[in-house]
Amino acid sequence: MLASYAVRVEDSRGRRYPEPSHPYRNPFQRDRDRVIHARAFRRLENKTQVFTRRYSDHFRTRLTHTMEVAQISRTIAATLNLNVDLVETLALVHDIGHPPFGHAGERTLDLLMRQHGEFFDHNLQALRTVEDFELRYADFRGLNLTFEVREGIIKHSHDYKEVEHPELAEYLLDQRPPLEAQLIDLTDEIAYSTADLDDGFEAGLLRLPQIRQRVRVFEKYYVEAEAKYPDAPDKLKFNEALKRVLNRFVTDLIENTRQRAQQAAIRSLDELRSFSERLASFSAEVEQERAEAKSFLFEALYNCKPLEPEKRKAEKVLTEVFEHLLAHPEALPPSYRAKAEKESLPRVVCDYIAGMTDHYVEDLRKKLTAGKTR
């Protein structure tokens, strides 16, 4: 039984281009499958999350991170009696607009675009990807996803204003997104906060004493793991502690969101959409713990000196490719040259680069700088 304020697939606003119903998959399940089979989704396998393969080939990529977000999201949605199919689809598509080289690549593309009076936003890029760039069907461009999935792509982590983004007016910008969409930004936080502690420790960039001192919720559970498994290797005690941190964050998100919905007396999706604020959230105590872990990761991992070479490389590669293609648009593939006749050249170049994997953009840079074009 779905909660009274959950999204019901039979109430979906439908697709931009109407299609016959499928005999054994509902519309959100079809959307999930379309995302999984998309080229942009497959490319996430070779897009950096935090670490390049210089450290290891078993650290998280954008794809494995996405799968972890989907797993956490399904668990929470099922417990809250939300629409699991919709939540899973939103989790799987939430990072599809990210460019190569992780956050360093995103920052670089945004800076490059701002030099031309534009900007880069990975949520809006994800919408462009599923609406326009994926070419799989003879009847329409894009994946023709349902309204609820497209709305969740742009609203799961940010509230856009219609006055600033009139092109998004159809997505009810004056209303809150459903809980299914609200959850995704928080499950994303849970997934990368715990996973980056794990990968950072495995890479040797984060030390156990350092983590224990700076992340108090981790220390609490590490003490418990030491008492229960005194003879276990440090790595296994680390794993036990981190598992408990993840479980605490997930459990708190479930319980606090449910409590807030009850206190607000939300009885329908319309009431949830018109509520004064988002209802999905951590408790104040766990939010403080999450923020402390995130602050530690920024200071000790994301901005650490050993990762600076990768960031500088990302900036150099993307900048050189962007500037070369602006100066030589004939080097763009035919489909992008055609788009440049209708859209600004910087936007078309940005779109082309954003869809690339780390390996592809590096190879393209070498070819372009060698005087070769594709």
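The values are calculated or read from the model by the stated rules, or taken from the named source; none is laboratory data. Just so it is clear, the structure is predicted and the values come from calculations on it, not from any experiment. Please note: Cβ atoms are built from the backbone with ideal geometry, for glycine as well, and neighbour counts cover all protein chains shown.
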Exercise. Can you name the helices (runs of 4 or more DSSP H) wholly within the range 1-116 that have at least 1 residues being modelled with pLDDT of 95 or more and among the acidic types (Asp, Glu)?
Worked result: 27-36, 62-79, 84-93, 102-114
Exercise. Limited to the range 290-342, what total is found for residues that are part of a helix (DSSP H, G or I) and under 17 Å from GLN210 (Cβ atoms)?
Worked result: 14
Problem set entry | When residues of the range 117-140 are limited to those that are surrounded by fewer than 15 Cβ atoms within 10 Å (Cβ to Cβ) and in contact with a helix residue (DSSP H, G or I) (Cβ under 7 Å, 6 or more places away or on another chain), the one nearest to GLU343 (Cα to Cα) | GLU118
Exercise. Checking THR251 against (1) over 24 Å from the mean Cα position of the chain (by Cα); (2) in a helix (DSSP H, G or I), which single condition isn't satisfied?
Worked result: (1)
Exercise. Applying the selection to the range 130-170, what residues are in contact with an Asp or Glu (Cβ under 9 Å, 6 or more places away or on another chain), among the acidic types (Asp, Glu) and more than 14 Å from GLU180 (Cβ to Cβ)?
Worked result: ASP132, ASP139, GLU162, GLU170
Exercise. Any idea which residue in the range 77-94 is nearest to VAL250 (Cα to Cα), counting only those that are small (Gly, Ala, Ser) and touching a residue at least 24 places away in the same chain (Cβ under 8 Å)?
Worked result: ALA77
Problem set entry | Filter pass, THR108 being surrounded by 17 or more Cβ atoms within 10 Å (Cβ to Cβ), in contact with a Leu (Cβ under 7 Å, 6 or more places away or on another chain), β-branched (Val, Ile, Thr) and more than 30 Å from GLN262 (Cβ to Cβ) | yes
For this session: Name the one entry in ALA338, ALA284 that is at pLDDT 95 or above and more than 21 Å from the chain's Cα centre (by Cα).
Result: ALA284
Exercise. Of these, THR146, THR187, which one is under 30 Å from SER274 (Cβ atoms), within 17 Å of the chain's Cα centre (by Cα), polar (S, T, N, Q) and crowded, with 16+ Cβ neighbours inside 10 Å?
Worked result: THR187
Exercise. If you check SER276 against the conditions, is it surrounded by fewer than 16 Cβ atoms within 10 Å (Cβ to Cβ), part of a helix (DSSP H, G or I) and of a type in the set (Gly, Ala, Ser)?
Worked result: no
For this session: Kindly indicate whether ARG128 is assigned to a helix (DSSP H, G or I) and either farther than 22 Å from ASP358 by Cβ or out of contact with any Ser or Thr (no Cβ under 9 Å at 6 or more places or on another chain) (or both).
Result: yes
For this session: Give the range 352-367 a look and list any residue that's surrounded by 19 or more Cβ atoms within 10 Å (Cβ to Cβ) and assigned to a helix (DSSP H, G or I), or say none.
Result: TYR352, ILE353, ALA354, ASP358, VAL361, LEU364
Exercise. When the residues of the range 279-312 are filtered to those that are of a type in the set (Lys, Arg) and in contact (Cβ under 8 Å) with a residue 40 or more places away in the chain, which remaining residue is surrounded by the most Cβ atoms within 10 Å (Cβ to Cβ)?
Worked result: ARG290
Problem set entry | So GLU45, is it in contact with a helix residue (DSSP H, G or I) (Cβ under 6 Å, 6 or more places away or on another chain) and of a type outside the set (Lys, Arg) | yes
Problem set entry | Within the range 70-94, tally of residues that are within 13 Å of the chain's Cα centre (by Cα) and of a type in the set (Gly, Ala, Ser) | 3
